[in-house]
1. When a/c is below 1.5 the answer is rounded, else prolate if a/b is larger than b/c, else oblate, so apply that to region 196-343 with a ≥ b ≥ c taken from the square roots of the Cα gyration tensor eigenvalues.
2. Residue by residue through region 157-167, what is 3J(HN,Hα) from phi via Karplus (6.51 cos²θ - 1.76 cosθ + 1.60, θ = phi - 60°)? Round to whole Hz and write x for glycine and proline.
3. Amide H neighbours of THR219 under 5 Å, counting only residues 5+ apart in sequence or on other chains, H built in-plane at 1.01 Å?
4. May I ask for the distance between the Cα centers of region 262-322 and region 176-220, given as a whole number of Å?
5. Once R0 is set to 56 Å, what does the formula 1/(1 + (r/R0)^6) return for the Cβ-Cβ distance between VAL291 and GLU41, expressed as a FRET efficiency to the nearest 0.05?
6. Would you mind checking which residues have amide H under 5 Å from ASP8's amide H? H placed 1.01 Å from N; only 5 or more apart, or other chain.
7. Can you pull the percent of region 106-158's accessible area that's carbon plus sulfur, 1.4 Å probe, other chains left in place?
8. Grab the DSSP H runs of the chain that are 4 residues or longer, score each as -39,500 (n - 2.57), total them, divide by all residues and round the 222 nm result to the nearest 500 deg cm²/dmol.
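The values are calculated or read from the model by the stated rules, or taken from the named source; none is laboratory data. Keep in mind that this is a model prediction, so the values were computed, not measured. Here the Cβ positions follow ideal geometry from the backbone for every residue, glycine too, while neighbour counts run over all protein chains shown. Only protein heavy atoms, including side chains, enter the accessible area calculation; ligands, DNA and RNA are left aside. Shrake-Rupley method; radii C 1.70, N 1.55, O 1.52, S 1.80 Å.
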Amino acid sequence: MTNAVIVDVVRTAVGKGKPGGALSGTHPVELLAHVLRSLVERNGIDPAQVDDVIGGCVAQVGEQSLNISRTALLAAGFPESVPATTIDRQCGSSQQAAHFAAQGVIAGAYDMVIACGVESMSRIPMGTATLGKDTHGPSVRARYPEGLVNQGISAELIAAKWKFDRDALDAYSAQSHQRAAAAYEAGYFDKEIVPITVENAAGEQVQHTVDETLRASSTAEGLAGLKPSFYTEEYAARFPEAQWVITPGNSSPLTDGASAALIMSEEMANKLGLTPRARFHSFSVAGDDPVFMLTAPIPATQKVLARAGLGIDDIDAYEVNEAFAPVPLAWAHELGADPAKLNPWGGAIALGHALGSSGTRLLSTLVNHLEATGGRYGLQTMCEGAGMANATVIERL
């Protein structure tokens, strides 16, 4: 079987996903073009050799519409002969892009492909893509007559089911910031972050190199003062078990960012004199209850481990997206995972969650962590809207 290998993976440092955020003045096409350009330049490849660019983006409307992946590669100066497509598997869009890219290599359809993702939540706010319309239709409403809920309510339901109180969620969230700050201090993110020139509030051109969402001074005590985000009387009546423990402090922040991975066959890497950093070992995708919505990483992980022939203890690091603190905590409880291996350099609560970019962002951190620690296997999984998840096992080479 042809091995699909990761030659390189890069990302921007993220910006706060609101007006005034570090990347809010940068068009999303330019964000994605920047990581595409950086990827080919730092590996010395001819972009004409790229068979396809597969990008993830969730809010494909406005500035992110009409196949932003193709627009971005043109902006990056790639030859017009290079095609691209943009996909949406909600928060896992660029992780799914990496799956499709690697699976295309394994199948022999590609020799070299780029998987990438972008989201500008400052310029395209959450919910914009619906245009205020009903996205469910009568059949879905009939199947779920009480109505589906937003992700914040789903996070409340997970916290209630697994009995995670506010203290546990805030302690985990503070740890995410502390781990990320320690990783920055040690220079662990240097290999994955490509500086991008942006205009600051004073109108000056500056280099953006640090995730703007990171708060190194965060403590559980400080987070305890924040108010719940999703309480309403209607939801409280429907879900009396909810304790209303989800706050801005134990949720991932709105974020802008882009990321990209260079994926090819092992034969192509050897032909070009490139050294692969890791290979794709196993893949899975799973669905789960769309009301609980964020629990699918559990069955997706069980499925990918079975396909890989590995146990959870064989994995050296787990990147489980921190959409909300209960998500990785429930995952770890059900899998019996080692907390020390879970998001060891911090997660999305600290490093941000630029929806369409997050999958390849997690991949960049996972590859670098395995290299820095000498680990062999890494696992990545991502909860996704409507109750889905991707899971990926990679092996460091």
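1. Note, shape of region 196-343 comes out oblate.
2. Once θ is set to phi - 60°, the couplings for region 157-167 become 5, 5, 4, 5, 5, 8, 6, 8, 7, 4, 4 Hz.
3. none
4. Their Cα centres are 26 Å away from one another.
5. With a Förster radius of 56 Å, E is 0.80.
6. Amide H to amide H, under 5 Å and 5 or more residues apart or across chains, ASP8 pairs with LEU262.
7. In region 106-158, the share of accessible area belonging to carbon and sulfur is 54 percent.
8. -10000 deg cm²/dmol
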